[in-house]
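Report on the following structure.
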Amino acid sequence: ADHHPLMKQFHKADDEKRMVVILPENRYDDWLFSDLTHRVDFLQAYPADALRAKAVEASASDGSLF
């Protein structure tokens, strides 16, 4: 997620970037019933323009989610 326009904002600069796998509904069965060797084909960045983010107030601790 280092180069993803939206997801790169959710980790500190030096932290490893990760993002969830988001599947279109019509691909659920493909994911669930594929063998492990083909699941890597699903690991692609979801288009940034199809995602939405909303700012929320930081938690009482250190402001991080984890």
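Coordinate-derived values only; no laboratory data. Small disclaimer: the values here were computed from a predicted structure and weren't measured. Reconstructed Cβ throughout: ideal geometry from the backbone, glycine too, with neighbour counts over all protein chains shown.
Quick notes on this structure:
- Calculated on the Cα set of region 7-49, radius of gyration then Dmax: 13.0, 37 Å.
- Inter-label distance, nm, simple model (7 Å from Cα along the C-beta direction), ASP29/HIS3: 3.5 nm
- Two-site label geometry, THR37 and GLU57: point separation in nm, points 7 Å out along Cα→Cβ: 5.4 nm
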